[in-house]
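Written out below as structure tokens is the structure these notes cover.
The values are calculated or read from the model by the stated rules, or taken from the named source; none is laboratory data. These numbers come from a predicted model, not from an experiment. Glycine gets a Cβ as well: all are built from the backbone with ideal geometry, and neighbour counts include every protein chain shown. Just the protein is used for accessible areas: all its heavy atoms, side chains included, with ligands, DNA and RNA removed. Shrake-Rupley method; radii C 1.70, N 1.55, O 1.52, S 1.80 Å.
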Amino acid sequence: MALLDADLAAPALHLLCGGMPGQGPGINEYLRGECSILAAARDVSDEMPAAERPGRLFLVTASDRPAEVAAVARSGYDLGRMADGVAELGAALALDHLLIDSPAGLNEASLSLMALADAVGIVLRLDRQDCQGTAVTVELARRLPVPRLSLLVNLVSPRFDAGAVQMKMAETYQCEVAAVLYHSDALAAQGSAGLFVSAHPHHPLTAALRAAALRLAD
């Protein structure tokens, strides 16, 4: 399995997985032609808790240096080279799963990454702006077409019934709802410092995240 941070304007996967940008080349260097995609992939299997280790785990980080982030925001990057790198990474490492964190919202990069995917998970909140944006994203995903489309409803108030929310979202968007995730003070307090499921293995949110991961990987 591999994780690839393709959200170059707001890189964050390294924070969750214990990696640090700058420890060797990453996706930025690959996209500039300075290294191969395999050189940008770091084996972090031994850095993960044993209980969370799905065999070998590779991480392709994005740089969080302000100059790098600004350059991507200003000029973008070569989408064709990104697509080539995704294909080469999966084949060379014989990956069973490649999870790509794409940029938020609708833009050329996120649409290009959706077109490459076997499955797309859209994270949304229960507010009008997110719901309206999700409707547009779902419609575009169907036109690509994406083989499998799932929703993950995040930051839901505990006052709402998860089953009712799941049914309503599935009916509204006519697609699978992989998870309804309640707001968690424990998650907010952790502040993206490591894996929540490792720090809170018996938390209800951890159980919901594990179930969602299994559904998405099926």
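Can you give me the number of residues within the range 79-105 that are surrounded by 13 or more Cβ atoms within 10 Å (Cβ to Cβ) and either under 29 Å from Gln132 (Cα atoms) or not aliphatic (A, V, I, L, M) (or both)?
Number of matching residues: 15.
Which numbered condition trips up Arg65, out of (1) at pLDDT 85 or above; (2) within 17 Å of Ile100 (Cα to Cα)?
For Arg65, the exception is condition (2).
Looking at (1) under 23 Å from Ala6 (Cα atoms); (2) polar (S, T, N, Q); (3) more than 15 Å from the chain's Cα centre (by Cα), which is the one condition that is false for Gln132?
Tallying (1) under 23 Å from Ala6 (Cα atoms); (2) polar (S, T, N, Q); (3) more than 15 Å from the chain's Cα centre (by Cα), Gln132 fails exactly one: (1).
Take the range 83-120 and flag every residue that is part of a helix (DSSP H, G or I) and farther than 19 Å from Pro147 by Cβ.
Asp84, Gly85, Glu88, Leu89, Ala92, Glu108, Ala109
Thr134 is checked against (1) part of a strand (DSSP E or B); (2) among the β-branched types (Val, Ile, Thr); (3) open to solvent by less than 50 Å² (accessible area, probe 1.4 Å) and fails just one. What number does that condition carry?
(1)
Out of His200, His183, I need the residue that is open to solvent by 50 Å² or more (accessible area, probe 1.4 Å) and free of Cβ contacts under 8 Å to residues at least 24 places away in the same chain. Which one?
His200
Just to verify a result, which residue in the range 1-53, among those that are surrounded by fewer than 16 Cβ atoms within 10 Å (Cβ to Cβ) and among the acidic types (Asp, Glu), is modelled with the highest pLDDT?
Taking the candidates together, the pick is Glu34.
Select, from Val123, Val153, the only residue that is in contact with a strand residue (DSSP E or B) (Cβ under 6 Å, 6 or more places away or on another chain), among the hydrophobic types (A, V, I, L, M, F, W, C), under 28 Å from Arg56 (Cβ atoms) and without any contact (Cβ under 8 Å) to a residue 40 or more places away in the chain.
Of Val123, Val153, the one residue that is in contact with a strand residue (DSSP E or B) (Cβ under 6 Å, 6 or more places away or on another chain), among the hydrophobic types (A, V, I, L, M, F, W, C), under 28 Å from Arg56 (Cβ atoms) and without any contact (Cβ under 8 Å) to a residue 40 or more places away in the chain is Val123.
Any idea which residue in the range 62-72 is farthest from the chain's Cα centre (by Cα), counting only those that are farther than 15 Å from Glu34 by Cα and in a loop (DSSP other than H, G, I, E, B)?
Arg65
Return the pairs, sorted by first residue and then second, in which the second residue is polar (S, T, N, Q) and loosely packed, with under 13 Cβ neighbours inside 10 Å, the first residue lies in the range 83-96 and is farther than 13 Å from Met1 by Cα and touching a residue at least 24 places away in the same chain (Cβ under 8 Å), the beta carbons are less than 6 Å apart, and the residues are 6+ apart or on different chains.
Nothing qualifies.
Residue by residue through the range 73-82, note down the ones that are outside any loop (DSSP other than H, G, I, E, B), in contact with a helix residue (DSSP H, G or I) (Cβ under 8 Å, 6 or more places away or on another chain) and more than 17 Å from Cys35 (Cβ to Cβ).
Once the filter is applied, which keeps residues that are outside any loop (DSSP other than H, G, I, E, B), in contact with a helix residue (DSSP H, G or I) (Cβ under 8 Å, 6 or more places away or on another chain) and more than 17 Å from Cys35 (Cβ to Cβ), the range 73-82 yields only Leu79.
Could you list all residues from the range 106-118 that are of a type outside the set (Ser, Thr, Tyr), farther than 19 Å from Leu38 by Cβ and open to solvent by less than 80 Å² (accessible area, probe 1.4 Å)?
Leu106, Asn107, Ala109, Leu111, Leu113, Met114, Ala115, Ala117
Does Leu140 satisfy the criteria of being open to solvent by less than 90 Å² (accessible area, probe 1.4 Å), assigned to a strand (DSSP E or B) and among the aliphatic types (A, V, I, L, M)?
No, not satisfied.
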